[in-house]
Amino acid sequence: MIEDFIESVETENIGLYPCAFLHNYKLTPNDPINDTDVYGEYVKYAPIFGKTDVEKLRSFISQYIKYGDNRDIIYHIQNGKIRPSKRLQDTLLNMLKGNKEFMMIDEQKNCL
């Protein structure tokens, strides 16, 4: 959402590296929340850290943040102009032209 709607993320070339920190949740070795068949693509893009994974979380953050910037990036994101990104605009244009960018599953089709 941030990549697709905050103009400064695109124009300032701000890199976003998402993750989830479940500070009150202890992940187990075969935890369903890490089921690669169901959530594999999401977890690959945004890894999950539980309450006992503080060192792993620290290491993940250290990969992308080397030094502070006096909150400049946060300011650009928080106060950035809301505008659909070029990528989102292109996707919507393709949808309007009849291309199937998003496929609904049967249960979603029945809700319409």
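The values are calculated or read from the model by the stated rules, or taken from the named source; none is laboratory data. None of these values were measured; they are calculated from a predicted model. As a convention, Cβ positions derive from the backbone with ideal geometry for all residues, glycine included, and neighbour counts pool all protein chains shown. Just so you know, the surface numbers come from the protein's heavy atoms only, side chains and all, with ligands and any DNA or RNA stripped out. Shrake-Rupley method; radii C 1.70, N 1.55, O 1.52, S 1.80 Å.
By a 1.4 Å probe calculation restricted to protein chains, Lys26 has an accessible surface near 130 Å², given to the nearest 10. Lysine pair count for the chain with Cα-Cα distance under 24 Å and sequence separation of 8 or more or different chains is 11. With every protein chain in place and a 1.4 angstrom probe, the accessible-area ranking of Glu12, Glu41, largest first, reads Glu41, Glu12. On a C-alpha basis, how far is the centre of the range 1-22 from the centre of the range 56-76 in Å? Whole number, if you could? When both Cα centres are located, 13 Å separates them. Amide hydrogen proximity for Ile6: with H placed 1.01 Å from N in the peptide plane, the residues at 5 or more positions away or on another chain lying under 5 Å are Arg83. Computed over the Cα atoms of the chain, pair by distinct pair, the Kirkwood hydrodynamic radius stands at 17.3 angstrom. Heavy-atom accessible area for Ile6, with the other protein chains in place and a 1.4 Å probe, reaches approximately 30 Å².
Computed from the C-beta positions of Leu27 and Asp69 and an R0 of 41 Å, the FRET efficiency is 0.85 to the nearest 0.05.
In the complete set of protein chains, residue-level accessible area for Tyr75 is approximately 140 Å², probe 1.4 angstrom. Residue-wise HN-Hα couplings along the range 34-42, as the Karplus relation 6.51 cos²θ - 1.76 cosθ + 1.60 with θ = phi - 60° gives them from phi, are 9, 4, 5, 5, 8, 10, x, 5, 5 Hz; Gly and Pro carry x.
Between Asn13 and Asp35, the modelled label-to-label distance comes to 4.1 nm, taking each label 7 Å out from Cα in the direction of the beta carbon. Solvent-accessible surface of the chain, taken per residue with a 1.4 Å probe and all protein chains present: 86 Å². In the chain, the calculated helix contribution to ellipticity at 222 nm averages -12500 deg cm²/dmol per residue, counting -39,500 (n - 2.57) for every DSSP H run with n ≥ 4.
Once neighbouring chains are kept in place and the probe is 1.4 Å, which whole percent of the accessible area of the chain is contributed by carbon and sulfur? Please report the intermediate quantities before stating the final value.
Working: 5280 of 9620 Å².
The C+S portion of the solvent-accessible surface of the chain is 55 percent.
For Gly50, nonlocal amide neighbours, meaning residues 5 or more places apart or on other chains whose placed amide H falls under 5 Å from its own, are Leu22, Leu27. Label positions at Leu88 and Asp4, each projected 7 Å from the Cα along the C-beta direction, are separated by 0.7 nm.
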